[in-house]
1. Let me have the relative contact order for region 5-161, percent, based on Cα pairs under 8 Å that are six or more residues apart.
2. Quick one: among 92, 64, 24, which has the greatest mean-square fluctuation in a GNM of the chain with alpha-carbon springs under 10 angstrom?
3. How long is the gain from residue 205 to residue 110 if the chain were fully straight, where each residue apart is worth 0.36 nm and the alpha carbon distance is subtracted?
4. Given the -39500 (n - 2.57) contribution per DSSP H run of 4+ residues, what per-residue ellipticity at 222 nm results for the chain, rounded to the nearest 500 deg cm²/dmol?
5. Between residue 158 and residue 50, what FRET efficiency comes out of the Förster formula 1/(1 + (r/R0)^6) with R0 = 30 Å and r the beta carbon distance, rounded to 0.05?
6. Starting from the Kirkwood radius over alpha-carbon pairs of region 93-140, derive D by Stokes-Einstein at 20 °C in a medium of 1.002 mPa s and give it in µm² s⁻¹.
7. Roughly how tilted is helix 50-63, in degrees to the nearest 10 and between 0 and 90, from the longest Cα axis of the chain?
8. Any chance you could give the angle, 0 to 90 degrees and rounded to 10, that helix 95-104 forms with the longest Cα principal axis of the chain?
């Protein structure tokens with residue numbers, strides 16, 4: 001099973017040997033990859049729609065992993081029992097939906113060993129939610145694929161971490177860009193910051209040229225975002 005660069009980076013964050021709930025499994029390619037590479041001994045591939053479940057089931061049968069990967073039609077974590085898995089993996093969903101799934105499944109999440117997340121939007125809000133739920137982000141990665149940037153993270157319960165200070169989200173840029181990515185001077189993040197800076201500066205110039213009440217407020221938002229990006233870029237000096 002060959003995964004995209006994005007999904008392979010996500011899969012690499014899973015602790016080897018863990019039982020995994022692959023939420024929003026689609027074709028179950030990630031589930032199959034985890035089993036095929038001996039990264040997980042048992043997986044529950046879940047999706048809210050029957051179509052993806054049927055496709056996942058067919059692929060699992062095709063690769064001969066039906067004894068190690070089971071499928072469940074489930075709205076988020078609804079059909080997952082407490083302590084049934086060690087890892088919850090959610091990749092390719094928007095940030096608000098990722099947050100909703102984890103909040104709706106609070107009782108399951110409380111007993112989980114790790115969360116592997118790759119939100120497609122509003123990542124700052126996902127990081128904030130994790131902090132509020134007493135999870136610490138202990139690993140992060142970022143890739144660029146087909147012209148798009150993707151961030152992914154591994155979060156664990158705060159109680160399981162000895163040196164918590166090194167993982168605390170202290171500054172605003174930590175929530176938007178990831179403390180670990182910044183401190184590691186991750187090259188893909190650096191490329192992203194430069195790309196976003198150019199985008200925001202162009203938007204600000206266009207807004208400044210219009211000078212209406214609405215554009216002035218939007219221009220101020222762009223200026224604040226540009227300041228935040230510069231905070232991130234300081235880590236690379």
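Throughout, read-outs are computed from the coordinates displayed, never taken from laboratory work. Everything numeric here is computed off the predicted structure, so don't read it as measured data. Neighbour counts run over all protein chains shown; Cβ positions are idealised from the backbone, glycine included.
1. This gives 22 percent for region 5-161.
2. Maximum among the listed residues: 64.
3. Residue separation times 0.36 nm, minus the Cα-Cα distance, leaves 29.6 nm.
4. -14000 deg cm²/dmol
5. 0.20
6. Result for D is 197 µm²/s.
7. Between the helix axis and the principal axis of the chain, the angle is about 60 degrees.
8. Helix 95-104 sits at roughly 50 degrees to that axis.
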